[in-house]
Amino acid sequence: KAVHAASGKIMPQLWHLGVSRRAAVSPNPEVPSISPSGLLSPDKRVGEPMSEARIWEVIEAFARGAGLAQELGFDGVELHGAHGYLIDQFFWKGTNQRADDWGGDCGRRSRFGAEIVRAVRAATRPDFPVILRWSQWKMGDYTVKLAPDPATLEAFLKPLAQAGVTAFHCSTRRFWEPEFPASGSHLNLAGWTKKVTGLPTVTVGSVGLSRADSLEERANTVDISTEHLAALIRGLRQGEFDLIAVGRALLANPAWAALVRDRRFSELQPYSAAAPEALA
């Protein structure tokens, strides 16, 4: 209600940790963590593959969550299909080595996410926005690419778009980096996702940060300038993507968006008290 009173929109992010959940320290340690193939990584088995019944149980749980979000007055939902959590564990061949209809090539591995989208669509009104967040990289491996080229990207995203995704939230580490340099295109992941699906996209990745090469740098570096934001503004104006997500910079300063809007860059504070020369 407070967000709506301020003329804003608000959506919860629905997600499932899958095998990334540490059962021993969870509220229900007796319940085993689940994953498509029982794999935490391509070479580390920690459990058994999910059964068909359990897969559909989780799909319906996502749908119930979305229905409750609509009932509570939220303006849509975002499904977290990135960063190595359960939906993404089905997407990635490293953790999805199933031989049934839930595994296979890149397009077939998108089925779990597509079924969730369809179930959410059935549980909510037709105009209720459903955003899917996805990423090439995984928490344990920043070099992973679900789709190494535009053709594979299209094969992966097409079933999800057809299932009823409203928009794709495309998580990258650095929004300014081209996704497929060999193609000669400057488009980032959000740009390519919009190009192959025709759907709106959200770009994200170190917005407001000058670099993100290590945990220390991500913790201590904020660099806001008109030059830094120029690429974002240009991409929006050229229709390469439609929304911009801000994470760490906004956590550091909740007034970030208002200060950028008003061009009050000097009032934006870095994450720590480190001297400017230490952040150069």
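The values are calculated or read from the model by the stated rules, or taken from the named source; none is laboratory data. Nothing here was measured: the structure is a model prediction, and the numbers come from that model. So basically every Cβ, Gly included, is an ideal-geometry build from the backbone, and we count neighbours across all protein chains shown. Ligands, DNA and RNA are stripped out before the accessible areas are found, and what is left, the full protein with its side chains, is counted by its heavy atoms. Shrake-Rupley method; radii C 1.70, N 1.55, O 1.52, S 1.80 Å.
Only one entry in Q70, Q89 is more than 30 Å from S7 (Cα to Cα), at pLDDT 95 or above and polar (S, T, N, Q), namely Q89.
Restricting attention to region 158-179 and to residues that are closer than 12 Å to R108 by Cα and out of contact with any strand residue (DSSP E or B) (no Cβ under 7 Å at 6 or more places or on another chain), the residue that is surrounded by the fewest Cβ atoms within 10 Å (Cβ to Cβ) turns out to be K158.
Selection of region 46-66 for residues being out of contact with any strand residue (DSSP E or B) (no Cβ under 6 Å at 6 or more places or on another chain) and open to solvent by 20 Å² or more (accessible area, probe 1.4 Å) yields G47, E48, P49, S51, E52, A53, R54, W56, E57, E60, A61, R64. In region 182-191, the residue that is surrounded by the fewest Cβ atoms within 10 Å (Cβ to Cβ) out of those that are out of contact with any Gly (no Cβ under 9 Å at 6 or more places or on another chain) and closer than 21 Å to C106 by Cα is A182. Considering each residue of region 124-143 in turn, none proves to be touching a helix residue (DSSP H, G or I) at 6+ places or on another chain (Cβ under 6 Å) and open to solvent by 20 Å² or more (accessible area, probe 1.4 Å). For the criterion of being in contact with a Gly (Cβ under 6 Å, 6 or more places away or on another chain) and either of a type in the set (K, R) or on the phi < 0 side of the Ramachandran plot (or both), V46 fails. Annotation: of all residues in region 67-104 being under 22 Å from T152 (Cβ atoms) and among the charged types (D, E, K, R), the one that is most open to solvent (accessible area, probe 1.4 Å) is K93.
Within region 17-45, the residues that satisfy the criterion of being in contact with a Leu (Cβ under 9 Å, 6 or more places away or on another chain) and either part of a strand (DSSP E or B) or open to solvent by 60 Å² or more (accessible area, probe 1.4 Å) (or both) are L17, R45.
Take the conditions (1) within 19 Å of the chain's Cα centre (by Cα); (2) over 25 Å from A122 (Cβ atoms); I10 misses just one of them, which is (2).
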